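Taking it in order: structure first as structure tokens, then the write-up.
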Amino acid sequence: MKRPTIMDIARRAGVSKGAVSMALNGLPGVSEATRNRILAVARELDWHPNNAARALSAARSDAIGLVLARPARTLGVEPFFFQLISGLQAALSPRRIALLLQVVEDQAAEIGLYRQWWSERRVDAVFLIDLRVNDPRVALLEELGLPALVIGGPGHHGGLPSVWADDARAMTQIVEHLAGLGHRRIARVAGLPDLLHTERRTEAFHTAVHAHGLDEIPIIMTDYSGEQGAAATRELLGSPRPPTAIVYDNDVMAVAGVAVATELGVAVPAALSVVAWDDSPLCQLLHPPLTALTRDTFAFGAAAARSLLAVLDGGEGADVEDHVPVLVHRESTSTPSIVE
């Protein structure tokens, strides 16, 4: 007679294989009612653990996970993520380790996926990106004992190792550049408000604006999309005292902002200076080419992968600070036509 399997239990109970694994191993992630139903089916089928299979599942999966809880439409147009993922995979490929990428709708779905991957031994470790303040994912991964490396920081990542660049110093560079050109009304079109790097950029922006005695203009938060970047630009340029410079948190929004300015007859850079956070071919091919923060994102991703591989090889995790992005001055920034 064929030995009953976890899949047999899942079919009989009407649940996923992952739910069965969590229930049989006493893990969180399923309700008590579901757990009791699964256990009842297991007893009915006279299921017992397969020790050989369990030993096999404990071996390395040769895969590292990366979950992105962002709108898929914005990920599809952001060069940053393509370069980051390319760098990660370039460092993993020589070891024949795959990068398992999944896009989910929100952080709750991301947490559920980590539990599933851990219970099914789908990955050996994960990269954690888009860190939040008091991020519940950090505590979860520490509790599960699933090796992880945080891409971003510093701070707020518990005992997990991280690879990060100083966003605060980078933002200070931008404000100092624009203030040095004579701008007094500098606006910022930011990304998602609950991200730790958004908060660090915001704090640095306010500090630099105050240090130079510049006008305080409300920061507009967005989802990083070109549509919201364009809407924010239209709102800023339509205000009674529009800014003479705008800093965008990514290249896509900066390009959309230039398009709106052109449509409204606001000349770049004579009447409006524009700075993009992430440099890309978009920034360089636009007319005028955009002043932007540049860094080797491919190398940044490769460094993150090497750090996590070191952890998997038995080394101690450490925080690694990458180079501060460098501001490349191009034709989209200049002295404002009207200096107040």
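The values are calculated or read from the model by the stated rules, or taken from the named source; none is laboratory data. Predicted model only: the values in this text are computed from it and were never measured. Cβ: placed from backbone, ideal geometry, glycine included. Neighbour counts: every protein chain shown. Side chains included, ligands, DNA and RNA excluded: accessible areas come from the protein's heavy atoms. Shrake-Rupley method; radii C 1.70, N 1.55, O 1.52, S 1.80 Å.
For helix 167-181, report the angle its Cα long axis makes with the longest principal axis of the Cα atoms of the chain; keep it between 0 and 90° and round to the nearest 10°.
10
Mind putting a number on the dipole of the chain about its Cα centre? Charges go on the C-beta only, +1 for Lys and Arg and -1 for Asp and Glu, and I need it in Debye to the nearest 20.
1360
Select from Pro240, Ala230, Ile219 the residue farthest towards the positive end of the dipole of segment 203-281; place +1 on Cβ of Lys and Arg, -1 on Cβ of Asp and Glu, and compute about the Cα centre.
Farthest towards the positive pole: Pro240.
In deg cm²/dmol and to the nearest 500, what is the mean residue ellipticity at 222 nm of the chain if only DSSP H runs of at least 4 residues count, each as -39500 (n - 2.57), divided by the residue total? Can you show the working numbers first?
On the way: 14 runs with 154 residues, N = 340.
Mean residue ellipticity, 222 nm, calculated: -13500 deg cm²/dmol.
Just to be sure I understand, if you calculate Cα extents along the principal axes in Å for this structure, which of [x] 59, 48, 42; [y] 86, 38, 33; [z] 78, 42, 39 do you get?
So the structure-derived entry is [y].
Taking the Cα atoms only, what angle lies between the long axis of helix 107-120 and the longest principal axis of the chain, rounded to 10 degrees?
Long axis of 107-120 versus the principal axis of the chain: about 30 degrees.
Any chance you could look up the accessible area of Met221 with a 1.4 Å probe, heavy atoms only, rounded to 10 Å²?
We get 80 Å² for Met221.
Towards the positive end of the charge dipole of the chain, with charges on Cβ (+1 Lys, Arg; -1 Asp, Glu), say which of Pro281, Gln107, His157 has the farthest Cα.
Gln107
Rounded to the nearest 5, what % of the DSSP beta bridges within segment 214-340 are antiparallel ones?
Values: 3 of 9 bridges.
Looking only at bridges with both residues in segment 214-340, the antiparallel portion is about 35 percent.
Calculate, for the chain, the solvent-accessible area per residue in square angstrom, rolling a 1.4 angstrom probe over the heavy atoms of the protein chains.
Normalised by residue count, the accessible surface of the chain is 45 Å².
Leaving ligands and nucleic acids out of the surface, order Arg73, Arg11 by accessible area at 1.4 Å, largest first. Provide the component values of the computation, followed by the final result.
Working: Arg73 135, Arg11 165 Å².
Descending order: Arg11, Arg73.
Using DSSP, restrict attention to beta bridges with both residues in the chain and report what percent are antiparallel, rounded to the nearest 5.
10
Starting from the Cα-Cα distance between Glu321 and Glu199, subtract it from 0.36 nm times their residue separation and give me the gain in nm to one decimal.
That works out to 42.1 nm of additional length.
Give the angle, between 0 and 90 degrees and rounded to the nearest 10, that separates the Cα long axis of helix 297-312 from the longest principal axis of the Cα atoms of the chain.
For 297-312 against the chain, the angle is about 30 degrees.
Tell me the relative contact order for the chain as a rounded percent, counting alpha carbon contacts under 8 Å between residues six or more apart. Mind dumping the intermediate values first?
Numbers: 608 pairs, mean separation 59.3, N = 340.
RCO, the chain: 17 percent.
Put Asp166, Asp215 in order of accessible area, largest first, 1.4 Å probe: what do you get? It would help to have the intermediate numbers written out before the result.
On the way: Asp166 20, Asp215 50 Å².
Heavy-atom accessible area, descending, gives Asp215, Asp166.
Would you work out what percent of the accessible area of segment 193-340, with all protein chains in place, is carbon or sulfur (probe 1.4 Å)?
Answer for segment 193-340: carbon and sulfur cover 57 percent of the accessible area.
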